[in-house]
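Here the structure comes first, spelled out in C-alpha cells, and everything after it is commentary.
Please treat every number below as a calculation from the coordinates, not as lab data. Predicted model only: the values in this text are computed from it and were never measured. Quick reminder, even Gly has a Cβ in these numbers, built from the backbone with ideal geometry, and neighbours come from all protein chains shown.
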Amino acid sequence: MVSHQDNSPRKGLLLILSSPSGAGKSTLARRLMDWDTSLRFSVSATTRAPRAGEVDGREYYFKSRSEFQDMVRAGDMLEHAEVFGNLYGSPRAPVEAAMAAGRDTIFDIDWQGGQQIRNSALGRDVVSVFVLPPSIAELDARLRGRGQDSDDVIAGRMQKSQSEISHWAEYDYVIINRDIDAAFAQLTTILQAERMRRDRQPHLADFVRALNKEFETR
C-alpha cells in the first residue's frame, strides 16, 4: 500500500471517532488505516487478563491495577475509565511519539474518552468526528445483522445509544452513515483538510521567507 501522507514536516494530529454501537466507527477506522498506512491506531492499556491469542502491545497494553493507577497519577494516560471492574485507558507516550514523527493517531472511543482527550494537554491537536446512523430502526437492524448478541444485549446497546447520540454537538464534525462508502469519502476529506491547516504546517513560515528572498534577488 502507498501512504497518502505527504512528505512535508508537520506535527501529527489525534483523530477521535465516536458513535453509538453499530453506527460504523470501527469499520471506518479500519478502512482509514488501509487507505493510509502511515496512520497509527491507539492501542489501549487495560487491567483485564489477556485472552487467548492476544499479544501485549498489539490488542492491548496489559497492566496490573497498580501499574495502571501509577500511570494515571503520573499523567501518562490521555483518558481512562473503569468498565465492568477493569480499567481501560489511552497511554500518552506512544501518541506523543507518533505526533513528533508526523504520524496521525486514530482513537475509536466513546464520548467520555473523547472529552477527556480534548481536555488534555494535547487537546489543541484533536480532530473529533461523531458518526450517526441514518435512523434508529437502521441502527437496530445493523446490530441484529451482526448475529453476535442476544436480544437483551442488543436492547442494552440501543438504550445506551440514546445517551451516546446526545453528545453529537460536542464534536468538530458529524457524519451521517447512510452509506459506508460515502461516509468514508467524507472522513478522508476531513482528514486531508485538517492536515492542510496552516497551524499544522510549521514549515510554511520558512517557505514564505524563502519566497520573499527570491523577490529581493529579482
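Just a few scattered comments:
- Across the chain, the mean sequence separation of Cα contacts (distance under 8 Å, 6 or more residues apart), normalised by length, yields a relative contact order of 29 percent.
- As a rough footprinting exposure proxy, the listed residues M99, M196 were ranked by other beta carbons within 10 Å of their own, and the order from fewest upward is M196, M99.
- Here H80, H167 are placed in order of increasing Cβ neighbour count within 10 Å, fewest first, which gives H167, H80.
- Kirkwood estimate for segment 35-120, i.e. one over the average of 1/r between Cα atoms, Å: 13.5 Å
- Annotation: amide H-H contacts under 5 Å for A45 (H modelled 1.01 Å from N, sequence separation of 5 or more, or interchain): Y61, G89, S90.
- Peptides 32-44, 10-22 ranked from most to least packed give 10-22, 32-44, packing being the mean of other C-beta atoms within 10 angstrom over each peptide's residues.
- In the chain, the DSSP-assigned H stretches of four residues or longer account for a calculated mean residue ellipticity at 222 nm of -13000 deg cm²/dmol, using -39500 (n - 2.57) per stretch and the full residue count as denominator.
- Ordered by the count of other Cβ atoms within 10 Å of each Cβ, fewest first, S64, S161 give S64, S161.
- Peptides 115-128, 181-194 ordered by average Cβ neighbours within 10 Å, highest first: 115-128, 181-194
- DSSP beta bridge pairing in the chain, given as percent antiparallel to the nearest 5: 30 percent
- q = 0.11, 0.17, 0.20 Å⁻¹: log10 I(q)/I(0) that the Debye formula gives for segment 67-218, counting C-alpha atoms only: -0.62, -1.18, -1.35
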